[in-house]
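**Student:** Please see the structure below; I have some questions.
The values are calculated or read from the model by the stated rules, or taken from the named source; none is laboratory data. The shown structure was predicted, so the numbers you read here are calculated from the model rather than taken from an experiment. Because the Cβ atoms are built from the backbone with ideal geometry, glycine has one as well, and the counts that use them run over all protein chains shown.
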Amino acid sequence: MTLTDIAKTEDDEIEASNATTIYVCITCRRPSDPEDAPRPGLMLARATKRAAEGTGLKVQRVRCLANCNRALSCAMRRDGGWAYVFGGLEADRDAEALIEGAKLFARAEDGLMPWRGRPEVLKRGLIARVPPIDFPEESE
């Protein structure tokens, strides 16, 4: 086993242990898209699923993330971490960026996706960050 193989195995274990999932809205389209045309959201979901092969990341299709004004949209969550919603994605270019961001997120010890190293589309396309269900309340 080479050092590259060991690093890849460690990456896969980190990602799988944090159960990171990318939820891609398959009903997303822009108002200018013809109603009967294939949905760009579905195309993004398919491309993201292909890009995730062998990474330990899960890609789940969902119907409507209610972010229509900033379509195409996806959400990411992981065990012990915050959830993220992104918009302004492109079906033909952003699948790899979603995988790259999800890998950063899976490795983050504090459950937050790091800003440094995050693909640009996930910086400018951030819609919301939601705390985990067991987030401790802050007291004043």
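**Student:** Please find, within the range 30-47, the residue that is nearest to A95 (Cα to Cα) out of those that are free of Cβ contacts under 8 Å to residues at least 12 places away in the same chain, part of a loop (DSSP other than H, G, I, E, B) and of a type outside the set (S, T, N, Q).
**Tutor:** P38
**Student:** Sort through G41, G87, G81 and tell me the only one that's surrounded by 18 or more Cβ atoms within 10 Å (Cβ to Cβ) and modelled with pLDDT of 90 or more. Don't jump to the end; show me each part of the working.
**Tutor:** Values: G41 fails: modelled with pLDDT of 90 or more; G81 fails: modelled with pLDDT of 90 or more.
Exactly one of G41, G87, G81 is surrounded by 18 or more Cβ atoms within 10 Å (Cβ to Cβ) and modelled with pLDDT of 90 or more, namely G87.
**Student:** Oh, and also: For the range 94-119, how many residues are modelled with pLDDT under 90 and within 20 Å of D33 (Cβ to Cβ)?
**Tutor:** Number satisfying all stated conditions: 0.
**Student:** Here is a further query. Please count how many residues of the range 48-70 are part of a helix (DSSP H, G or I) and either surrounded by fewer than 20 Cβ atoms within 10 Å (Cβ to Cβ) or basic (K, R) (or both). Don't jump to the end; show me each part of the working.
**Tutor:** Residues of the range 48-70 part of a helix (DSSP H, G or I): 48-52, 68-70.
Filter once more, so that each one left must be either surrounded by fewer than 20 Cβ atoms within 10 Å (Cβ to Cβ) or basic (K, R) (or both): 49-50, 68-70.
Total meeting the criteria: 5.
**Student:** Here's another thing I want to ask about it. Right, S32: more than 29 Å from F135 (Cβ to Cβ) and of a type in the set (S, T, Y) or not?
**Tutor:** On the way: more than 29 Å from F135 (Cβ to Cβ): yes; of a type in the set (S, T, Y): yes.
Yes, satisfied.
**Student:** Test of understanding: among T9, T4, T27, which residue is in a loop (DSSP other than H, G, I, E, B), out of contact with any Pro (no Cβ under 7 Å at 6 or more places or on another chain), more than 20 Å from K123 (Cβ to Cβ) and modelled with pLDDT under 90?
**Tutor:** Within the list T9, T4, T27, the selection yields T27.
**Student:** Related question: Of the residues V85, V121, V130, which single one is among the β-branched types (V, I, T) and in contact with a Cys (Cβ under 9 Å, 6 or more places away or on another chain)? Explain how you work it out, then say what you get.
**Tutor:** Numbers: V121 fails: in contact with a Cys (Cβ under 9 Å, 6 or more places away or on another chain); V130 fails: in contact with a Cys (Cβ under 9 Å, 6 or more places away or on another chain).
Criteria check complete, one pass: V85.
For every residue, the table says whether it meets (1) part of a loop (DSSP other than H, G, I, E, B); (2) touching a strand residue (DSSP E or B) at 6+ places or on another chain (Cβ under 8 Å); (3) without any contact (Cβ under 8 Å) to a residue 40 or more places away in the chain; (4) polar (S, T, N, Q).
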residue: L72; (1), (2), (3), (4): yes, yes, no, no
residue: G88; (1), (2), (3), (4): yes, no, yes, no
residue: G101; (1), (2), (3), (4): no, yes, yes, no
residue: F105; (1), (2), (3), (4): no, yes, no, no
residue: P114; (1), (2), (3), (4): yes, no, yes, no
residue: L122; (1), (2), (3), (4): no, yes, yes, no
residue: E137; (1), (2), (3), (4): yes, no, yes, no
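**Student:** Next question. Tell me, which residue of the range 12-24 that is buried (at least 18 other Cβ atoms within 10 Å of the Cβ) and touching a helix residue (DSSP H, G or I) at 6+ places or on another chain (Cβ under 8 Å) is modelled with the lowest pLDDT?
**Tutor:** Ranking the qualifying residues of the range 12-24, first place goes to E15.
**Student:** Right, another one. Among the residues of the range 46-80, count how many are under 15 Å from M113 (Cβ atoms) and within 13 Å of the chain's Cα centre (by Cα). Steps first, please.
**Tutor:** In the first step, residues of the range 46-80 are kept if they are under 15 Å from M113 (Cβ atoms); the result is 57, 74-80.
This time we only want the ones that are within 13 Å of the chain's Cα centre (by Cα), so: 57, 74-78.
The qualifying residues number 6.
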